[in-house]
Amino acid sequence: MDHAKAWSGAPVVLTLRVLRSPLMRMLYFALLLAVFALASTWVGRKVGIPANDLKAMSANPASTLLVVLPFVLAHVVLARLIERRPLHDLAWRKSPQLLWGMLAALLLFGLLVLELWAAGAYAVVGVGDAPLWTLFLLTAVVPGITEEIVSRGILFRLTEEGLGTWIAVAVSALFFGFAHSSNPGASAWSSTAIALEAGVLFGLLYHVTRSLWWCIGLHAGWNFVQGALFGIPVSGIGVDGVLESTLQGPDWLDGGGFGAEASALTVLTCGIISLLLARRIMRAHSTVPPFWKRPPAALPQPHSSG
């Protein structure tokens, strides 16, 4: 084989690598999501399904399905038709992990409320009449599914593939934290707090389990328990829960107007859990190195003619 013929395939290989790169697959997901979201909106208007409204606390299962379905479809189509990989992170056989995640959320946020109460920052002032089903759809189902698919199923997974585990944790955590920067009462600290306590924790959890079910369950359960049960604002959004409560004390302790997610106690507690997960990852030697620390992938090389 002569040198010219050997090198003729190099541009094709490089082009294929670019088209299959993590960044391009993120773009494919965004385009798929846009198409499916437009189709979902059209169906909702055509059929006359009223949209969910968080401010008015109104929701229905059909509208909720139309919100989350584009994210699920975009994720599935990307995995099966473009990446040509099994859908391990959203495999149906792993769905019981959804309940484990929700149970973990109940225990974790119960611990956080206990800490806030012991510090004098949380007090129950009565019993409310919370619309539990509506709160479940609005604060648990929608953000739990949509935000976890984007933040962990796409951003973390593909960033890890290219830049390695630790950079993926940092990137996805910062994205997740500052995606809440427009919420009521948000500040630079509240966004940083969410990045540190939840963004890092969920990223490490996804790496350990390789399961979106776990992450969705923990995320949905966190929101539901926080708002619907304990009556604490969910990422700055006021919620009437089963318990009518008040947060009191200095802003660093009670989270200010944003709620318990901006409390130093929440950051500290979730940080300890994240450190335990990180230690497990280090002991298992499961981290993915960045591309510049990996052996170079083979390119077509010139062969000497024989």
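The values are calculated or read from the model by the stated rules, or taken from the named source; none is laboratory data. Keep in mind the model is a prediction, meaning the values are calculated, not measured. Methodologically, a virtual Cβ is constructed for each residue, glycine included, from the backbone with ideal geometry; neighbour enumeration extends over all protein chains shown. Ligands, DNA and RNA are excluded from the accessible area calculation, which covers all protein heavy atoms including side chains. Shrake-Rupley method; radii C 1.70, N 1.55, O 1.52, S 1.80 Å.
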Whichever residue in region 242-258 is within 23 Å of MET57 (Cβ to Cβ) and modelled with pLDDT of 90 or more and, among such residues, is most open to solvent (accessible area, probe 1.4 Å): GLU244
Restricting attention to region 200-241, report how many residues are on the phi < 0 side of the Ramachandran plot, modelled with pLDDT under 95, of a type in the set (Gly, Ala, Ser) and touching a Ser or Thr at 6+ places or on another chain (Cβ under 9 Å). 2
Residues in region 155-169 that are among the aliphatic types (A, V, I, L, M) and either surrounded by fewer than 17 Cβ atoms within 10 Å (Cβ to Cβ) or farther than 13 Å from THR287 by Cβ (or both) total 3
Give me the pairs: first residue in region 74-98 and among the polar types (S, T, N, Q), second residue in a helix (DSSP H, G or I) and buried (at least 20 other Cβ atoms within 10 Å of the Cβ), beta-carbon distance under 7 Å, and six or more apart or on different chains, which are they? SER95/TRP213; GLN97/TRP213; GLN97/TRP214; GLN97/GLY217
Any idea which of SER274, SER286 is in a loop (DSSP other than H, G, I, E, B), under 27 Å from ARG157 (Cα atoms) and either among the small types (Gly, Ala, Ser) or in contact with a helix residue (DSSP H, G or I) (Cβ under 7 Å, 6 or more places away or on another chain) (or both)? SER286
Does any residue of region 202-222 turn out to be farther than 23 Å from VAL169 by Cβ and not in a helix (DSSP H, G or I)? no
State whether the residues of region 21-34 include one that is over 28 Å from GLY217 (Cβ atoms), among the hydroxyl-bearing types (Ser, Thr, Tyr) and surrounded by 14 or more Cβ atoms within 10 Å (Cβ to Cβ). yes
Taking region 1-20 as the search range and keeping residues that are of a type in the set (A, V, I, L, M, F, W, C) and modelled with pLDDT of 70 or more, which one is least open to solvent (accessible area, probe 1.4 Å)? VAL13
Count of residues meeting criterion [surrounded by 14 or more Cβ atoms within 10 Å (Cβ to Cβ) and out of contact with any Gly (no Cβ under 7 Å at 6 or more places or on another chain)] in region 77-89: 6
Quick one: in region 133-153, which of the residues that are open to solvent by less than 10 Å² (accessible area, probe 1.4 Å) and under 12 Å from the mean Cα position of the chain (by Cα) is farthest from VAL239 (Cα to Cα)? GLY153
Restricting to region 52-76, name every residue that is of a type in the set (A, V, I, L, M, F, W, C) and either closer than 15 Å to ILE149 by Cβ or surrounded by 18 or more Cβ atoms within 10 Å (Cβ to Cβ) (or both). ALA59, LEU65, LEU66, VAL67, VAL68, LEU69, PHE71, VAL72, LEU73, ALA74, VAL76
Working only within region 259-283, note down all residues that are among the hydrophobic types (A, V, I, L, M, F, W, C), open to solvent by less than 10 Å² (accessible area, probe 1.4 Å) and closer than 15 Å to GLY199 by Cβ. ALA262, CYS270
Can you confirm whether region 41-51 contains a residue that is surrounded by 15 or more Cβ atoms within 10 Å (Cβ to Cβ), touching a residue at least 24 places away in the same chain (Cβ under 8 Å) and of a type in the set (Ser, Thr, Tyr)? no
Could you tell me which numbered condition ALA130 fails, if it satisfies all but one of (1) crowded, with 18+ Cβ neighbours inside 10 Å; (2) assigned to a helix (DSSP H, G or I)? (2)
